[in-house]
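Data block below; observations after.
The values are calculated or read from the model by the stated rules, or taken from the named source; none is laboratory data. Computed from a prediction, not measured in an experiment: that's the story for all the values here. Positions of Cβ are generated from backbone atoms using ideal geometry, with glycine treated the same way; all protein chains shown enter the neighbour counts.
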Amino acid sequence: MADQSLSATLPPLAAAGPVFGLPPLPYGAGDLKPVLSAETLQIHHGKHHARYVETLNHLLSDRPDAPRTLEAVVRAAQADGERGLFNNAAQAWNHAFFWESMRSKTSRPGGLLAGAIASAFGDVDALGRRFIAEGTGHFGSGWVWLVARGDALDVISTHDAGSPIVEEGVTPLLSCDIWEHAYYIDHRQDRAGWLTIWWSMLANWHFADRQYGAALGHGEPWRYPAPRAA
């Protein structure tokens, strides 16, 4: 799937359907240096992500009966074969989840998640090698994910706008963007280098711990912010 054009202008929005917002970054634009520069985050969040949200809202603008959560919009678009709506809705969701998957100072997984990693992969370093290999070996644009199916962990990749939230019983824990615009300014075409430094310096294990708890039924998983009424 070709990346969104950032130069075309959409007509003014006259919404009858839900209007989703662009969630702010959960950190400052300069807080992820040296892995990601402020320039990368400003372009990626303020241009690419914003464009998906803007296009999504235009696609929903004449749909007063559209679902009122982005998760439901993504799943309905996938089920109905509405490719344009799915691509923009899923990319809006995937990007917001990606921002949450990073923090300026990484840690280590704890509690129940640490035990699940040991059972599934041996240790977190082995999981890291699997995650990096999955993303490096993925052909074309997409995303690499750590997911839970109940208490069982897996590493998967999805093409283009693909998202694990369309799968019943799957809870994403972490995601890394492997579209080239996510890392090209800072890492050029070195996807393996990008994934390696992302894993070692940015992975948000506090967020992953909470997501894994939700997969086990302890609380709710992260959700995209609710839309404002039309």
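Test THR69 against the criterion of being surrounded by fewer than 22 Cβ atoms within 10 Å (Cβ to Cβ), β-branched (Val, Ile, Thr) and in contact (Cβ under 8 Å) with a residue 60 or more places away in the chain, and give yes or no.
Details: surrounded by fewer than 22 Cβ atoms within 10 Å (Cβ to Cβ): yes; β-branched (Val, Ile, Thr): yes; in contact (Cβ under 8 Å) with a residue 60 or more places away in the chain: yes.
When the stated conditions are applied, THR69 passes them.
Of the residues that make up the stretch 125-137, is at least one modelled with pLDDT of 95 or more and closer than 23 Å to PRO24 by Cα? Quick ask: steps written out before the conclusion?
Let us first name the residues in the stretch 125-137 that are modelled with pLDDT of 95 or more, namely 125-137.
Narrowing further to those that are closer than 23 Å to PRO24 by Cα: none.
Looking through the stretch 125-137, none of the residues is modelled with pLDDT of 95 or more and closer than 23 Å to PRO24 by Cα.
If you take the residues of the stretch 91-124 that are among the basic types (Lys, Arg) and more than 22 Å from ASP151 (Cα to Cα), which of them is surrounded by the fewest Cβ atoms within 10 Å (Cβ to Cβ)?
Going through the stretch 91-124, the residues among the basic types (Lys, Arg) turn out to be 103, 105, 108.
Now restrict to residues that are more than 22 Å from ASP151 (Cα to Cα): 103, 105.
On the way: ARG103: 19, LYS105: 8.
Per the stated criteria, the residue is LYS105.
Does GLY213 satisfy the criteria of being closer than 18 Å to GLY115 by Cα and over 16 Å from the mean Cα position of the chain (by Cα)? Can you show your working first?
On the way: closer than 18 Å to GLY115 by Cα: yes; over 16 Å from the mean Cα position of the chain (by Cα): yes.
For GLY213, the condition - closer than 18 Å to GLY115 by Cα and over 16 Å from the mean Cα position of the chain (by Cα) - is met.
Looking at ILE165, ILE185, ILE178, ILE197, which is the one that is surrounded by fewer than 21 Cβ atoms within 10 Å (Cβ to Cβ), among the aliphatic types (A, V, I, L, M), in contact (Cβ under 8 Å) with a residue 24 or more places away in the chain and over 22 Å from ARG108 (Cα atoms)?
ILE185
Checking GLY193 against (1) touching a Pro at 6+ places or on another chain (Cβ under 9 Å); (2) under 21 Å from GLY128 (Cα atoms): exactly one of these is not met. Which one?
The single condition GLY193 does not satisfy is (1).
Name the single residue that is surrounded by the fewest Cβ atoms within 10 Å (Cβ to Cβ) among those in the stretch 211-230 being touching a Leu at 6+ places or on another chain (Cβ under 9 Å) and part of a helix (DSSP H, G or I).
Filtering first and then ranking leaves GLY213.
With the condition kept exactly as written, say whether any residue in the stretch 139-162 is farther than 27 Å from LEU85 by Cβ, surrounded by fewer than 17 Cβ atoms within 10 Å (Cβ to Cβ) and within 19 Å of the chain's Cα centre (by Cα).
Yes: the stretch 139-162 contains one or more residues that are farther than 27 Å from LEU85 by Cβ, surrounded by fewer than 17 Cβ atoms within 10 Å (Cβ to Cβ) and within 19 Å of the chain's Cα centre (by Cα).
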